[in-house]
1. Kindly indicate which of A:E69, A:E56 is surrounded by fewer than 17 Cβ atoms within 10 Å (Cβ to Cβ) and either at pLDDT 95 or above or polar (S, T, N, Q) (or both).
2. What about B:K57, is it open to solvent by 60 Å² or more (accessible area, probe 1.4 Å), under 27 Å from A:C91 (Cα atoms) and in a strand (DSSP E or B)?
3. Quick one: is A:Y64 open to solvent by 10 Å² or more (accessible area, probe 1.4 Å), more than 12 Å from chain B (Cβ to nearest Cβ) and within 23 Å of B:L92 (Cβ to Cβ)?
4. When you look at B:K110, is it buried (at least 17 other Cβ atoms within 10 Å of the Cβ) and farther than 14 Å from B:I4 by Cα, yes or no?
5. Of all residues in the range B:1-39 being away from chain A (no Cβ under 12 Å) and among the aliphatic types (A, V, I, L, M), which is surrounded by the fewest Cβ atoms within 10 Å (Cβ to Cβ)?
6. I want to confirm something. Restricting to the range B:87-103 and keeping residues that are open to solvent by 10 Å² or more (accessible area, probe 1.4 Å) and outside any loop (DSSP other than H, G, I, E, B), which single residue is modelled with the highest pLDDT?
7. From the residues in the range A:104-115 that are buried (at least 17 other Cβ atoms within 10 Å of the Cβ) and among the polar types (S, T, N, Q), which one is farthest from the chain's Cα centre (by Cα)?
8. Within the range A:81-97, does at least one residue satisfy the condition of being open to solvent by less than 10 Å² (accessible area, probe 1.4 Å), part of a loop (DSSP other than H, G, I, E, B), facing another protein chain (nearest Cβ under 9 Å) and at pLDDT 95 or above?
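The values are calculated or read from the model by the stated rules, or taken from the named source; none is laboratory data. Model, not experiment: these values are computed from the prediction. Glycine gets a Cβ as well: all are built from the backbone with ideal geometry, and neighbour counts include every protein chain shown. Each accessible area value is taken on the protein alone, full model and side chains, heavy atoms only, with ligands, DNA and RNA left out. Shrake-Rupley method; radii C 1.70, N 1.55, O 1.52, S 1.80 Å.
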Amino acid sequence: DVKVTQSSRYLVKRTGEKVFLECVQDMDHENMFWYRQDPGLGLRLIYFSYDVKMKEKGDIPEGYSVSREKKERFSLILESASTNQTSMYLCASSLRSGSGADTQYFGPGTRLTVL
Amino acid sequence: SQKIEQNSEALNIQEGKTATLTCNYTNYSPAYLQWYRQDPGRGPVFLLLIRENEKEKRKERLKVTFDTTLKQSLFHITASQPADSATYLCALRYNFNKFYFGSGTKLNVKP
């Protein structure tokens, strides 16, 4: 079974703090994703990585950065947390299949509150 | 940008009935469409995928249809059970890194 783990289930930070969210997958997947999920807005893609050290911006990258130094690990960084970044953050991974029909496997999520 | 609409109101049905959830989208049709299930406090779990050239897909009690003319996908759960209660998300894939998710519809199956 594919397993995607996230470093924290719940996190409370203060405005202006630097925040690191870690994600690890154990199935040798090439692709990894960071989303945020807010009520009524669905999942919105923040960043995407298709290989080590490679990254691409999603729909809402402002205020975030990412790091992928190892294939199994994808980190999301909030350089200076703000209250509008309070959200549920979900990490996902997928194989880079030739058909393009990659199923995404999600972690349990991190509920971040910025005070 | 792409807009995806799922009914934001919860769907309440009786056990044993068929639940039908709708996913509508604007603009151009995706290469394929996926349905996920999400339980409270958990990440989404993949259920089914249908490609743009497919009309219907089935898996056990689940059935998905895809109508590119109507720009709509329907997700059916037959013989529904209380354990099917969850939020169901549709996701549209356009190209290499473009996934768009709907906000989901909550299904409540009453015994």
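1. A:E69
2. no
3. Spelling it out, A:Y64 is indeed open to solvent by 10 Å² or more (accessible area, probe 1.4 Å), more than 12 Å from chain B (Cβ to nearest Cβ) and within 23 Å of B:L92 (Cβ to Cβ).
4. No; evaluated as a whole, the condition is false for this residue.
5. That would be B:A10.
6. Here the residue is B:T87.
7. A:Q104
8. no
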